[in-house]
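Single-structure report; data block below.
The values are calculated or read from the model by the stated rules, or taken from the named source; none is laboratory data. What you see is a predicted model, and the numbers here were worked out from it, not measured in a lab. Counting neighbours? That spans all protein chains shown, and the Cβs are built from the backbone with ideal geometry, glycine included. We work out accessible area using only protein heavy atoms, side chains counted, and drop any ligands, DNA or RNA first. Shrake-Rupley method; radii C 1.70, N 1.55, O 1.52, S 1.80 Å.
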Amino acid sequence: MNRPVTVRVQKVKKNRIRTRLFFFLFLAVILVLVSFFADQIVPYDPYAQDLGLSRQPPSPAHFMGTDQYGRDVFSRVVVGAKASVFSTLVLVCVTSVFGTVTGTLCGYFGREIDSVVMRISDVCLAFPGLVFALAIAALLGGGMSNAVIALAVISWPKYARVARGQTLALKNSDFVAAAKLAGDNSAQMILRHILPNILGPILVTAMLDIGTMMMELAGLSFLGLGAQPPVAEWGNMMSGGRSMLQTYPWLVLSPGVAIFLTVVTFNLLGDTVRDYMDPKNSGS
Amino acid sequence: MDPVLKVTDLSKSFSRAGKKDFFAVDHVSFALMSGEILGIVGESGSGKSTIAKLITRLIDATGGKIEIEGQDITGLKGREMIPVYGKVQMVFQTPKGSFDPRRTLGDGICESLRNQGVPKAEREAKARALLEQCGLPGEFLERYPHQVSGGQCQRAAIARALMCDPKILILDEATSSLDVTVQKQIMELLQELQQKKELAYLFICHNLALVQQFCDRVIVLWDGKIVEQGLPDDVILRPKSEYAKRLVEAVF
Ligand SMILES: Nc1ncnc2c1ncn2[C@@H]1O[C@H](COP(=O)(O)OP(=O)(O)OP(=O)(O)O)[C@@H](O)[C@H]1O
Ligand SMILES: [Mg+2]
């Protein structure tokens with residue numbers, strides 16, 4: 001889009017992006033709120049077993065049916081959001097902040113720290129996620145927090161790389177040179193000029209990563225390396241119901257649809273954030 | 001009179017894979033007197049911008065010495081350069097690229113005074129006044145770089161360079177992106193400022209007519225080396241070196 005656009009066209013476009021952003025942000029906030037207040041909003045106790053009510057198909061009382069122990073699937077899906085959404089958000093926040101900070105510092109100061117940190121990140125990147133998670137599970141035992149640790153170790157280098165590459169590019173730009181001539185020290189330079197300019201790509205990476213990480217966490221739980229039964233988590237709920245996919249499909253479909261909708265929401269939010277952060281769309 | 005800027009045997013080489021090092025600036029020596037306008041002309045790639053970046057220490061010299069008001073700045077590091085930037089300022093070749101895309105022109109113009117701890121109201125008033133002197137209405141302080149034209153951005157860049165009252169101003173093709181009338185306006189402004197504040201200019205330029213009109217002295221650069229220097233009339237009307245002859249012929 002090198003063609004000059006009128007301020008009006010720019011404004012209309014920007015408004016449309018903003019509406020989309022608010023819409024997906026609204027959905028994402030609802031998901032996060034559900035995960036925070038899961039215990040308060042569930043209609044039934046997600047862990048209360050009632051074998052008399054086992055494997056009930058969806059009905060007005062049990063909107064997503066019940067599982068083989070007679071637990072309300074809807075309540076379990078809602079509580080599962082706590083494990084899935086909340087763990088994923090913590091994971092992505094911690095790794096993106098850590099990766100961005102290290103990457104920016106490496107790119108800006110270069111020299112020895114850069115080589116050392118980048119080699120460490122190479123090592124972390126070299127592990128296939130699943131194998132590494134297996135090793136961590138073997139070492140520290142299974143469980144959600146260990147699965148999060150395993151994924152954190154293999155996912156921070158992605159941010160470090162993005163941040164470092166962007167920082168290196170910016171370091172040679174004229175506006176950074178101009179800021180140097182204005183007497184900026186390293187801290188001022190990074191905080192005022194480098195970070196704000198690399199935040200867009202980082203934020204987009206993080207937003208799109210939420211979906212991926214959610215899938216990976218669910219995948220690890222599905223394999224029994226993440227959340228352990230009886231804890232309700234979408235991955236292990238699917239794993240528990242998979243042998244009954246043909247006969248009692250709601251056991252697998254309910255958490256599956258929950259994962260699908262959540263991942264799609266966060267991915268679309270990521271796309272919208274990218275459009276919104278594009279300086280070309282932020283006119284007047 | 002002592003020179004405000006003295007450059008001795010300044011060199012900058014870039015290493016090239018498999019080949020001999022390439023000298024972008026090759027043992028260049030010159031002095032800039034207080035209140036003088038020194039022009040540097042030369043074809044594209046002759047090392048003009050590299051000299052500007054060496055003097056402002058944006059890149060490190062391979063060899064030679066740079067002195068500003070008698071102080072050797074060749075080896076100064078990081079923070080030690082901050083006081084020097086109060087004396088030397090530069091207008092970059094690419095006006096748009098020299099402003100942070102996420103900050104307003106006003107932020108960029110005021111940054112040097114902000115770092116010196118000048119109160120907000122005071123520095124904004126000064127920025128507004130300088131911007132108006134450079135021919136832009138004060139409301140441009142709130143604009144972002146992508147909302148202004150190249151020429152307008154260039155004027156804001158000149159205002160920014162003048163904010164901290166420097167002694168030496170390096171103008172790297174500062175008027176190239178402006179039309180003839182604005183170019184004249186800016187040159188008149190620069191001359192006026194120069195007489196008022198005893199500013200010295202290092203005026204890097206392609207336009208020989210402009211150089212002839214405004215410079216006190218001119219250096220002809222070719223392949224990183226000085227091939228000729230002297231009064232503009234002598235160099236342009238009676239060039240001695242082969243290269244200067246060709247350069248003049250190409251323009252006139
Ligand atoms: N970082 C670098 N690495 C390698 N070569 C470089 C680098 N920077 C500049 N050069 C080379 O140094 C030479 C001088 O470049 P410089 O930018 O100083 O030219 P210039 O005289 O300003 O040209 P123009 O009029 O086009 O701005 C060019 O040949 C350029 O390719
Ligand atoms: Mg140049």
For this session: Give me a count of the residues in region A:183-215 that are farther than 20 Å from B:D60 by Cβ, buried (at least 21 other Cβ atoms within 10 Å of the Cβ) and within 9 Å of another protein chain (Cβ to nearest Cβ).
Result: 2
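Quick grid of which residues meet (1) in contact with a Cys (Cβ under 8 Å, 6 or more places away or on another chain); (2) touching a residue at least 40 places away in the same chain (Cβ under 8 Å):
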| position | (1), (2) |
| --- | --- |
| A:L91 | no, yes |
| A:V123 | no, no |
| A:A137 | no, yes |
| A:A147 | no, yes |
| A:V153 | yes, no |
| A:Y159 | no, yes |
For this session: Please tell me if B:F92 is farther than 30 Å from B:R143 by Cβ and within 16 Å of ligand 1 (Cβ to nearest atom).
Result: no
Exercise. Can you tell me which of B:Y201, B:Y243 is among the hydroxyl-bearing types (S, T, Y) and either part of a helix (DSSP H, G or I) or modelled with pLDDT under 85 (or both)?
Worked result: B:Y243
For this session: Quick one: B:F203 ticks every box in (1) open to solvent by 50 Å² or more (accessible area, probe 1.4 Å); (2) within 27 Å of B:G150 (Cβ to Cβ); (3) not aliphatic (A, V, I, L, M) except a single one, so which number is it?
Result: (1)
Problem set entry | Check on B:D9, part of a loop (DSSP other than H, G, I, E, B), open to solvent by 20 Å² or more (accessible area, probe 1.4 Å), of a type outside the set (A, V, I, L, M, F, W, C) and more than 16 Å from ligand 2 (Cβ to nearest atom) | no
Problem set entry | The lone exception for B:E173 - which of (1) within 16 Å of ligand 2 (Cβ to nearest atom); (2) on the phi < 0 side of the Ramachandran plot it fails | (2)
Exercise. What is the residue count in region B:44-64 for residues that are assigned to a loop (DSSP other than H, G, I, E, B) and within 7 Å of ligand 1 (Cβ to nearest atom)?
Worked result: 4
For this session: Kindly establish whether A:I120 is in a helix (DSSP H, G or I), farther than 30 Å from A:Q166 by Cα and of a type outside the set (G, A, S).
Result: no
Seminar exercise, completed: Only one of (1) on the phi > 0 side of the Ramachandran plot; (2) touching an Asp or Glu at 6+ places or on another chain (Cβ under 9 Å); (3) within 8 Å of chain A (Cβ to nearest Cβ) does not apply to B:G64, and that is (3)
Exercise. Among the listed residues A:A81, A:A28, which satisfies the condition of being modelled with pLDDT under 90, under 30 Å from A:A206 (Cα atoms) and either out of contact with any Pro (no Cβ under 7 Å at 6 or more places or on another chain) or not charged (D, E, K, R) (or both)?
Worked result: A:A81
Exercise. Looking at B:E198, is it of a type outside the set (G, A, S), touching a residue at least 12 places away in the same chain (Cβ under 8 Å) and within 16 Å of ligand 1 (Cβ to nearest atom)?
Worked result: no
Seminar exercise, completed: B:I186 vs (1) at pLDDT below 85; (2) away from ligand 1 (no atom under 16 Å from the Cβ); (3) surrounded by fewer than 14 Cβ atoms within 10 Å (Cβ to Cβ): all pass except (3)
Exercise. Consider B:I66 against the criteria (1) within 16 Å of B:S11 (Cβ to Cβ); (2) open to solvent by 30 Å² or more (accessible area, probe 1.4 Å); (3) touching a residue at least 24 places away in the same chain (Cβ under 8 Å); (4) away from ligand 2 (no atom under 16 Å from the Cβ): it satisfies all of them except one. Which criterion is unmet?
Worked result: (2)
Seminar exercise, completed: Quick count over region A:86-101, residues being under 12 Å from A:A160 (Cα atoms) and among the β-branched types (V, I, T), is 4
For this session: Working only within region A:137-164, note down all residues that are open to solvent by less than 40 Å² (accessible area, probe 1.4 Å) and over 21 Å from the mean Cα position of the chain (by Cα).
Result: A:A137, A:G141
For this session: Could you tell me which numbered condition A:A169 fails, if it satisfies all but one of (1) over 17 Å from A:M118 (Cβ atoms); (2) within 14 Å of chain B (Cβ to nearest Cβ); (3) surrounded by fewer than 20 Cβ atoms within 10 Å (Cβ to Cβ)?
Result: (1)
Exercise. From the residues in region B:211-243 that are touching a Ser or Thr at 6+ places or on another chain (Cβ under 7 Å) and open to solvent by 10 Å² or more (accessible area, probe 1.4 Å), which one is farthest from ligand 2 (Cβ to nearest atom)?
Worked result: B:E228
Problem set entry | Subset of region B:69-89 [on the phi < 0 side of the Ramachandran plot, more than 12 Å from chain A (Cβ to nearest Cβ) and open to solvent by 60 Å² or more (accessible area, probe 1.4 Å)] | B:Q71, B:D72
Seminar exercise, completed: A:T19 passes all but one of the listed conditions (1) closer than 30 Å to A:D275 by Cα; (2) surrounded by 13 or more Cβ atoms within 10 Å (Cβ to Cβ); the exception is number (2)
For this session: Considering only residues that are surrounded by 15 or more Cβ atoms within 10 Å (Cβ to Cβ) and away from ligand 2 (no atom under 16 Å from the Cβ), look in region B:39-61 and name the one that is farthest from the other protein chains (Cβ to nearest Cβ).
Result: B:A61
